[in-house]
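What follows is a set of notes on a single structure, which appears directly below.
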Amino acid sequence: MKRSSSGGLVYSTESGRMCPECRNAVAQCTCKAKAVPAGDGVVRVSRQTKGRGGKCVTLVKGLALDATALALLGKQLRTACGSGGTVKDGVIEIQGDHCDLVMDTLGKLGHAPKRAGG
């Protein structure tokens, strides 16, 4: 069998997911501090139902924040809306149609959001 040069430990039962760059657990990753999120400076708030079984989700994209700051902002937005949600790939997802409330909350927090989509 041929071994891949980029192969290595992906998951460990002891520490969970492993970073492919520094080979540490994701929680103790040393290379994530170097990764600067790519954002164009424009915060876009949109509503999406595609691929979600007809359920509506409010999306917040374009925030140039690191992972911990993005998770903290997601928590603040979810509490302001009173609903659930998550942060995936630099995008904050909030369950339900809360575009206006999210835009107001982001404006109070010092961001300049724009409405995207219909």
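The values are calculated or read from the model by the stated rules, or taken from the named source; none is laboratory data. Predicted model, so just to flag it, every value in this text is computed and none were measured. Note: ideal-geometry Cβ built from the backbone for every residue, glycine included; neighbour counts use all protein chains shown.
Yes/no per residue for (1) in contact (Cβ under 8 Å) with a residue 40 or more places away in the chain; (2) of a type in the set (S, T, N, Q); (3) within 20 Å of Arg115 (Cβ to Cβ):
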position: Ser46; (1), (2), (3): yes, yes, yes
position: Gly62; (1), (2), (3): no, no, yes
position: Arg78; (1), (2), (3): no, no, yes
position: Gly90; (1), (2), (3): yes, no, yes
position: Gly96; (1), (2), (3): yes, no, yes
Members of the stretch 108-118 that are at pLDDT below 90 and either part of a helix (DSSP H, G or I) or among the aliphatic types (A, V, I, L, M) (or both) = Leu109, Ala112, Ala116
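Per-residue answers, yes or no, for (1) modelled with pLDDT of 90 or more; (2) exposed (fewer than 15 other Cβ atoms within 10 Å of the Cβ):
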{"residue": "Arg47", "(1), (2)": "yes, no"}
{"residue": "Arg52", "(1), (2)": "no, yes"}
{"residue": "Leu63", "(1), (2)": "no, no"}
{"residue": "Leu73", "(1), (2)": "yes, no"}
{"residue": "Thr79", "(1), (2)": "yes, yes"}
{"residue": "Leu101", "(1), (2)": "yes, no"}
Before we move on, is Thr68 in a helix (DSSP H, G or I), among the hydroxyl-bearing types (Ser, Thr, Tyr) and either more than 30 Å from Cys31 (Cβ to Cβ) or under 11 Å from the mean Cα position of the chain (by Cα) (or both)?
-> yes
Return only the number of the condition from (1) within 30 Å of Leu106 (Cβ to Cβ); (2) in contact with a Leu (Cβ under 7 Å, 6 or more places away or on another chain); (3) at pLDDT below 85 that Met18 does not satisfy.
-> (1)
Would a scan of the stretch 21-39 turn up a residue that is out of contact with any helix residue (DSSP H, G or I) (no Cβ under 6 Å at 6 or more places or on another chain), of a type in the set (Ser, Thr, Tyr) and at pLDDT below 75?
-> yes
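Across the stretch 84-96, what is the total count of residues that are loosely packed, with under 15 Cβ neighbours inside 10 Å and modelled with pLDDT of 90 or more? Explain how you work it out, then say what you get.
If we filter the stretch 84-96 for residues that are loosely packed, with under 15 Cβ neighbours inside 10 Å, which is where we start, we get 84, 86, 88-89.
Next, only the ones that are modelled with pLDDT of 90 or more stay: 84, 86.
Total meeting the criteria: 2.
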